[in-house]
Amino acid sequence: MFAAFAAAWIAHSAKISEFRQSWIDGLRLDIADFIGLAERWFRKKEEINSIPSGEKDKRERDEVAPVADEARVILGRIRLGLNPENNPDGQQDTQLLQSLEDLLNPGKVDPASRQGLADIAFDNARRTLKREWEKTKKIRVPRRSDFDW
């Protein structure tokens, strides 16, 4: 009987691992998409800053704002995918989110700092993804106490 419970527990753990892997893949894609949009936003902003001020406002609205909005939607998805409560990894998650937000912050990003900020975001993302992958790889072996009702 214990063997049947153990088999069910392992199957359950494997299914959870599948879901976590899918979540990690989605998070990886969202982070890459966000960083790409932040780069596009920055290049558009740089391009528009070099034109006469008469056209600037309209082009800012038409070309820069939609890219920033799309990036913020993805950032929201990333934020919603991270655990906000009783999270022992909360500080690392906060660092990731802050480094991503910095890429869309006109006060922080400039031609000289852009690549450094992107590198920080990538490093934070790799640490978070690695951490979550390590959690996914662990399939907990059931103990008898798991079945004491």
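Please return the longest range in the chain lying between exposed loop sites, taking trypsin sites (Lys or Arg not before Pro), DSSP loop only, at most 16 other beta-carbon atoms within 10 Å, and leaving the sites out.
Result, exposed sites excluded: 1-107.
Given the rule -39500 (n - 2.57) for each run of at least 4 DSSP H residues, summed and divided by the residues of the chain, what is its mean residue ellipticity at 222 nm, to the nearest 500 deg cm²/dmol? Show your work: numbers first, answer last.
On the way: 5 runs with 109 residues, N = 149.
It comes out at -25500 deg cm²/dmol, rounded to the nearest 500.
Do any GluC sites (Glu not before Pro) in the stretch 61-99 lie in a DSSP loop with no more than 16 other beta carbon atoms within 10 Å, and if so, which?
When the GluC sites (Glu not before Pro) of the stretch 61-99 are filtered for loop state and at most 16 Cβ neighbours within 10 Å, 85 remain.
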- Query: So, in the chain, how many Lys pairs have Cα atoms under 28 Å apart, if the pair is 8 or more places apart or on different chains?
  - Reply: 14
- Query: Can you give me the Cα centroid spacing of the stretch 18-36 and the stretch 50-76 in angstrom?
  - Reply: 25 Å
- Message: With Cα Rg over 2.2 N^0.38 Å as the read-out, I listed [x] 0.99; [y] 1.44; [z] 1.15; which label goes with the value calculated from this structure?
- Response: [y]
- Task: Any chance you could give the angle, 0 to 90 degrees and rounded to 10, that helix 90-102 forms with the longest Cα principal axis of the chain?
- Result: 20 degrees
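No value in this document is a laboratory result; all are computed from the given coordinates. Since the structure is predicted, the reported quantities are computational estimates derived from the model, not experimental observations. Cβ coordinates were reconstructed from backbone atoms using ideal geometry, including for glycine residues, and neighbour counts include every protein chain displayed.
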